[in-house]
1. Which loop-located GluC sites (Glu not before Pro) does the range 1-85 contain, where loop means any DSSP state but H, G, I, E or B and the Cβ has at most 11 other Cβ atoms within 10 Å?
2. In nanometres, what is the gap between the two model label sites at S19 and S75, each 7 Å from Cα along Cα-to-Cβ?
3. In sequence order, what are the phi-derived ³J(HN,Hα) couplings for the range 10-16 according to the Karplus relation 6.51 cos²θ - 1.76 cosθ + 1.60 with θ = phi - 60°, rounded to whole Hz, with x for glycine and proline?
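Bear in mind these aren't lab numbers, they're just calculated from the coordinates by the rules spelled out. Here the structure is a predicted model, which means the values were calculated and not measured. Here the Cβ positions follow ideal geometry from the backbone for every residue, glycine too, while neighbour counts run over all protein chains shown.
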Amino acid sequence: MTMISSRQFARWLRERFASEKDGVILTREDINQLSGRQSFTLGFINDIHYELMQYGIAFVTDTSREKFYLIPVNSAENWRKNWRCSMKKSSTAMCFQSKSLGNKKPPLGAFY
């Protein structure tokens, strides 16, 4: 197998896995084998991510860079919309309500 570029590999991933609603996980070995590379850099992964994000698909890695996640993100919603909905439903949420603080600033790291 010949070594392919990040653009070619991104296209191949998109064609094979775009219909996966929950995404897929690839290992470092999978990427080496499928791309024809003996090794790859984080730049290679970043380039793949860039190419796929144009189609609403994220390509990210874990902190050890051993597993790589191909995840559809088109259906993602703004966090504020989901947060407000869950806050209305939850009576035990641990947060600072802006009206209870008055003109004071919330403590560092507080969520409201």
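1. In loop regions of the range 1-85 (DSSP not H, G, I, E or B), the sparsely surrounded GluC sites (Glu not before Pro) are E66, E77.
2. 1.6
3. For the range 10-16, the Karplus curve yields 4, 4, 4, 4, 4, 5, 7 Hz.
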